[in-house]
1. Among the numbered criteria (1) under 15 Å from Tyr6 (Cα atoms); (2) aliphatic (A, V, I, L, M); (3) in contact with a helix residue (DSSP H, G or I) (Cβ under 6 Å, 6 or more places away or on another chain), which single criterion is violated by Val72?
2. Looking only at helices (runs of 4 or more DSSP H) that lie completely in region 12-129, which have at least 3 residues being surrounded by fewer than 16 Cβ atoms within 10 Å (Cβ to Cβ) and not acidic (Asp, Glu)?
3. Take region 100-117 and flag every residue that is out of contact with any strand residue (DSSP E or B) (no Cβ under 9 Å at 6 or more places or on another chain) and β-branched (Val, Ile, Thr).
4. So which pairs qualify, if the first residue must be in region 103-121 and over 14 Å from Gly25 (Cα atoms) and modelled with pLDDT under 95, the second must be acidic (Asp, Glu) and outside any helix (DSSP H, G or I), the Cβ gap must be under 9 Å, and the two must be at least 6 apart or on different chains?
5. Limited to region 53-71, what total is found for residues that are over 12 Å from His89 (Cβ atoms) and in contact with a strand residue (DSSP E or B) (Cβ under 6 Å, 6 or more places away or on another chain)?
6. Report, by residue number, each residue of region 1-11 that is surrounded by fewer than 20 Cβ atoms within 10 Å (Cβ to Cβ) and either assigned to a loop (DSSP other than H, G, I, E, B) or at pLDDT below 95 (or both).
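The values are calculated or read from the model by the stated rules, or taken from the named source; none is laboratory data. Predicted model, so just to flag it, every value in this text is computed and none were measured. Every residue, glycine as well, gets a Cβ built from its backbone with ideal geometry; the counts of neighbours run over all protein chains shown.
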Amino acid sequence: MIRVLYVEDNDDNAFMLSSRLRKRGFAVSIAVDGEKGVAAARRDRPDIIVMDLHLPVLDGFEATRRLKADPVTRAIPVVALSAHAMAQHRDQALAAGCDDYDIKPVDLDRLVGKLNRLLDAREKQEGGG
């Protein structure tokens, strides 16, 4: 089962998306701020992270920078999730180290497609192919 860490401070968003991902067969854990997200990623080593960008304590940009700077978590793909659909927000997320970007409200098929593509690419990279 693919393990997803969802870093999201909004309880409604966290409940809705985690429920929908679980119905698709993902195992989902939730962290409520960027600092807890970094700690959970280091501790649990999920297969992939869905990172809200506007978080308390430590925003998603800085949390991703820390994850990508750490050899323990560097290879974990991070998909930024934001309500901002402008290209500059996507560019900022990618510059912080996110591997992809998606917008709210979430189109589940689109998001799952991104998760699967990133996981497939990681598997190929780790497998040497």
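1. So the condition that Val72 fails would be (1).
2. Numbers: elements: 34-44, 60-69, 87-95, 108-126.
Result: 34-44, 87-95, 108-126.
3. Step one: list which residues in region 100-117 are out of contact with any strand residue (DSSP E or B) (no Cβ under 9 Å at 6 or more places or on another chain), which gives 105, 107-109, 112-113, 116.
Correct list: Val112 only.
4. Lys104/Asp52; Ala121/Asp99
5. Pass one, region 53-71, residues over 12 Å from His89 (Cβ atoms): 55-59, 62-71.
From what is left, the residues that are in contact with a strand residue (DSSP E or B) (Cβ under 6 Å, 6 or more places away or on another chain) are 64.
Within region 53-71, residues that are over 12 Å from His89 (Cβ atoms) and in contact with a strand residue (DSSP E or B) (Cβ under 6 Å, 6 or more places away or on another chain) number 1.
6. If the condition is that a residue be surrounded by fewer than 20 Cβ atoms within 10 Å (Cβ to Cβ) and either assigned to a loop (DSSP other than H, G, I, E, B) or at pLDDT below 95 (or both), then Met1, Ile2, Asp9, Asn10 are the ones that fit.
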